[in-house]
Amino acid sequence: MRSPKPVTPAEAMAVWSRIENPSARSVAKALSQAGRKVHHSTVSRWAAQGWRPVAYRPHPLEAARQALDLAAGVLTGDPAAGTKIFEEHPERQQLDGLSDSDVLRRSARQLCIASILACHQFQECASTIVVENPAEAGLLLKAICRAVPAATAAYGEALKWEHPRPQDNNGTTPNNPLLDGLRRFEGASKK
C-alpha cells in the first residue's frame, strides 16, 4: 500500500528550495530517499503550475475509517458518536494484542461474513427497503460491493507478511506468479 500521506506540492517546493541546482528528478529522488515516493514528472508538473496545492484521495484505510465513522451512527442512533463507542469495548484489549497479520486476516474474515449476512438480510427485505429508503439501500449495496475487494486485498497483505517472497542468491525475487500463487495457496491451506 502507498504511504498514508502522499507528497504535497508544498513539501516538494521545500525540498526544491534547499537544493543548490534543483531539478524535478533531484527533488523526486530526495523525497523518495526519505520514504516519500513521488515521480519526477509529478514534481515537474507542480513546479510548472507554481506549486499550487492539490486535492488528494485519502489512503484506503483512512477512507474506510471515515466511512465506518459515518455509518456507525445507525448502531447507536447518535450520528456524532462514530466509532468512539468501540474504544471501551471489552474485546478491544484482546484485539490490541494480535499481530498486524492476524488483525488483517481476522478483519477480512469478519468483513466477508458480514457481507454475506448483509446480502441475506437485504434479500429478505429488499422489496420494502428499496421503496421506503432507496438512498440507504443504495449505500448498503455500495458498501457490500466495496467490501469484497477490500477483504481480498487484506487477505493478500496478510499473506505477504506471513509468507514473504523468496529471494534468489542475487537478492531478487523470482518472477513466476503461478508458482507464487500455488505456494501461497498451499501455505494457507495447511493452517
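Where a number appears in this text, it was derived from the coordinates with a stated rule and is not lab data. Only a predicted model underlies this, so the values are computations on that prediction, with no experimental measurement involved. Cβ sites come from the backbone with ideal geometry, for glycine too, and all protein chains shown count toward neighbours.
Key figures
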quantity	calculated
Cβ-defined net charge surrounding ALA114, 13 Å radius [Lys, Arg +1; Asp, Glu -1]	+3
Links that overshoot a 28 Å alpha carbon limit, given the list LYS29/LYS84; LYS37/LYS142; LYS5/LYS160	LYS29/LYS84; LYS37/LYS142
Residue exposure sequence - THR42, THR152 - by fewest surrounding Cβ within 10 Å	THR152, THR42
Whole-Hz ³J(HN,Hα) from phi, Karplus 6.51 cos²θ - 1.76 cosθ + 1.60, for segment 144-155, glycine and proline x	5, 5, 7, 5, 5, x, 5, 5, 4, 5, 5, 4
Pairs of alpha carbons in segment 9-48 whose separation is greater than 15 Å (percent)	22 percent
